[in-house]
Amino acid sequence: DEVRIYPRALTAAELGSGADPVRDAALALNFDAFARSGSFLSNGESLSGVDGLVGSDRFAQPETAQLAWVHSPIRITGSGTTLTVSNERVFAGTDGIELRWKITEGRKTLRAGRQPLRLSPGGSATVTLPQPPRNPAGAERWLTAEAVLPHGAWYARPGHVVGFGQFPVGGSWVPGVRLGEPAGEPAVTETPDTVVVSGRDFRYTFDRAQGTLTSMRYKDAELVRTGPELDVWRPPISNEFYTWGNAEGENWRRAGLDRLATTPESVTVTRGERPTVTITGKVAAPGFFTPPDGGAWFDQTMTYAVDSAGQIEVRHQVSPRGAARRLPYLGRLGYTVKVPDRFQAFSWYGRGPVENYNDRKDGTPMGIWSSTVDRQYVDYYRPQDYGNHDDVRWAMLTDGRSGGLLVGGDLEASVTPYDDLDRALYPFARQRNAGWNTLHVDHGVSGVGDTPNPVRPEYQVRADRDYTYTALLRPVSAAEARGGLPAGPSCGISISASGTTALVPPGGTATITAEVRNGCAEPVDQVAAQVTAPSGWTVTPDPADLGRLAGGAARTVDFTVTRGQDTPHGRQSFGVSASAALPGGDRFRTAADVTLTRAPPVPRGTARVSSLPFLAEENGWGPVERDTSNGENAAGDGRPMRIAGTTYETGLGVHALSVVDVYLGGACTRFTSAAGVDDETGSGGSVVFEVWTD
């Protein structure tokens, strides 16, 4: 009636003493003991019975926000300050419904109004609103229009929103996120084991062996347990377990995405006004890095640029390799930061208040929202990924009193105290992290799809491409922690950039165009723009001196980038930055990223398409297979290709809808192909094949 399972062999003394070393047991069961700890709702042998919108205990899951928006009988569309309100009710008018609108900038409401909404069944009306106030700083503003029940109804309380629409009516500047940089230069101290960058009130330590930021001290308080670490895993959602056999969670585990570790290869330090620490390495599960023929890993470069205000601009470059690149998609692409668990207050500017994903976000408006780490948890009957927020401009995780951490950029963000959530079959089995909360800072998070359809390709974080993005990481002051709002300068400069869309051959050139805009009413001085090029490329000019920029003015500069002869092909990202002296004297910086495509080698002689590098690929079921049939959803599961009884040794195995792009460089004159439905599929169905040239 008792069971003990140990993670090691017991000694003879332990076996002979008659003692029960229960503390050392991995599992200890006493079948004579009975204790009631509570109750829970069982999902039985599968989730198919409870995978819905409203739980058995009438808990409305976050999906209902999207459902309410889609099903709303009052549709609000518009552009600028002109709205079209449509009544999709067939038999009822809109008596008793009020149209309310407001123009907001962050937490500030700049203008607002309301009026009765009187539409006949199936009717619509155009509503013209007053123009918003002047916006010299180019701050991001939103117009939110709601159809509201001011007095309620039999099914809803007063103030219930029947339908809403939200539209941008301003610029892109987000005030308060980035601080001005006071005069001074951070100090850099190097040892064989660490790199320390320090300045007034801050001291940041980078560990060479771990390949990351391991300490971030601000005013003698530690802000991190572990710095940025690559994150491409999410606890699989129900659809990723039960989407017609498309068990992405198992694909990800087989590739080791749930247990990645970083092996640093180089740590490069550049001193100066804004010291940088660049760490390159490979990230893989232990034993999974076995190039060139096998394994699943990620090449990674993390560049940390630290300024005199203690802000860190983190530039993250990630390239899936090996079997990782052949996965149908990744759960997310970003990094995690582990922070002390005293940081419980979570606020963000993005979509909310409930969780949302890129294919389920229309029902969650943009705004500034406040919550806590624990209130972010969503009590799905089987623990899974939760709490994501899309279109995030900034997010703060603080103790609500003395300080914390802020991330800023064009991001998706979430926070959790459960790093091993997928190990719990039921919510009561969750285990909190031992002393830390994890902040997810993501460049992209895959959508959720539906049952039984997988995530559509346009909402996937694709595994077959490289990624580069930049985010800001900085300490939060006590005042910001108490207010839940960043308090940097109310104006500054912004930069936008674009690059040549044509492929760049070895030795060829491309143009990157950057526009620097002054969002302040007063002039800014010492304006400069610069392009950071990868190894093997050159840039002209370097940098570009733009001098003084008048209040509200913008200036454009073209950079010529030249590709070296021996640089690899594929997508390549460039960092574009600008700096200026603000009216108060502080230095201010901003950054953007541009991606160019490097042309692969031009084919020579007769080339098999399956042997050429792919510029891009999309496939309706699993990855594109080279020299085998499409097979099932996993990579490498195809069979020999056979069409109408003829076997083909080479070719592409695809599934509709599929697109494959290859580069010919104008050197080819003839294309020959045999195309058809593989014999393994039987006699059902038909396919249209097309070949396009640009």
Q | Cα Rg, Dmax, region 2-123, angstrom units | A | 30.5, 88
(Q) Under 25 °C and 0.890 mPa s, how fast does region 90-132 diffuse according to Stokes-Einstein, given a Kirkwood radius computed over C-alpha pairs? Answer in µm²/s, whole number. (A) 202
Q. Regarding region 462-541, what are the three Cα extents along the principal axes, ordered largest first, in Å?
A. 53, 39, 20
Q. By accessible area of protein heavy atoms, probe 1.4 Å, what ranking do 520, 668, 491 get, highest first?
A. 668, 491, 520
Q | Mean-position separation - Cα centroids, region 429-477 and region 163-189, in angstrom | A | 22
Q: Please report, as a whole percent, how much of the solvent-accessible surface of region 607-694 comes from carbon and sulfur atoms (probe radius 1.4 Å).
A: 51
Q. So how far, in whole Å, is the C-alpha centre of region 139-160 from the one of region 80-130?
A. 10
Q | Residue-averaged 222 nm ellipticity for the chain, from DSSP H runs of 4+ at -39500 (n - 2.57), nearest 500 | A | -1000 deg cm²/dmol
Q) Considering only protein heavy atoms and a 1.4 Å probe, what is the carbon-and-sulfur percentage of the accessible area of region 278-385? A) 51
Q: Would you kindly derive the ³J(HN,Hα) couplings of region 337-350 from the backbone phi angles with the Karplus curve 6.51 cos²θ - 1.76 cosθ + 1.60 (θ = phi - 60°), listing them in order in whole Hz, with x for Gly and Pro?
A: 10, 8, 10, x, 6, 6, 7, 10, 8, 10, 9, 7, 10, x
Q) Cysteines of the chain lacking any other cysteine beta carbon under 4.7 Å? A) 668
**Q.** lysines with Cα under 30 Å of residue 102, excluding same-chain neighbours fewer than 8 positions away
**A.** 361
Q.
Could you compute Rg(Cα) / (2.2 N^0.38 Å) for region 505-617, with N its residue count?
A. 1.40
Q) What accessible area per residue, rounded to a whole number of Å², is obtained for region 236-389 using a probe radius of 1.4 Å? A) 34
Q: For region 592-603, take each phi angle, set θ = phi - 60°, evaluate the Karplus expression 6.51 cos²θ - 1.76 cosθ + 1.60, and give the result in whole Hz per residue in order, putting x for glycine and proline.
A: 8, 10, 10, 10, 10, 10, 8, 5, x, x, 6, x
Q: Leaving out ligands and nucleic acids, note down the accessible area per residue over region 82-213 with a 1.4 angstrom probe, in whole Å².
A: 52
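Within the chain, what's the longest run with no GluC sites (Glu not before Pro) in a DSSP loop and at most 16 other beta-carbon atoms within 10 Å? Give the range, please.
Here the longest run is 274-631.
Could you work out the per residue convex hull volume over the alpha carbons of region 552-633, in cubic angstrom?
191
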Q.
Can you list residues from other chains, or at least 5 along the same chain, whose modelled amide H is less than 5 Å from the amide H of residue 643?
A. 648, 679
Q: Could you pull out every one of the aspartates and glutamates with an alpha carbon less than 17 Å from that of residue 108, ignoring same-chain neighbours closer than 8 positions?
A: 140, 480
Q) How large is the accessible surface per residue of region 545-694, computed with a 1.4 Å probe and reported in Å² as a whole number? A) 59
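Please work out the ratio of the alpha-carbon Rg of region 226-366 to 2.2 N^0.38 Å and round it to two decimals.
Here the Cα radius of gyration is 1.24 times the empirical estimate.
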Q. Could you give the semi-axes, largest first, of the ellipsoid that matches region 337-427, computed as the square roots of 5 times the alpha carbon gyration tensor eigenvalues and rounded to whole Å?
A. 20, 18, 10
Q: Roll a 1.4 angstrom probe over the protein heavy atoms and tell me the percent of accessible area of region 537-597 that is carbon or sulfur.
A: 44
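The values are calculated or read from the model by the stated rules, or taken from the named source; none is laboratory data. What you see is a predicted model, and the numbers here were worked out from it, not measured in a lab. Every residue, glycine as well, gets a Cβ built from its backbone with ideal geometry; the counts of neighbours run over all protein chains shown. Calculation scope for accessible area: heavy atoms of the full protein, side chains included, ligands and nucleic acids excluded. Shrake-Rupley method; radii C 1.70, N 1.55, O 1.52, S 1.80 Å.
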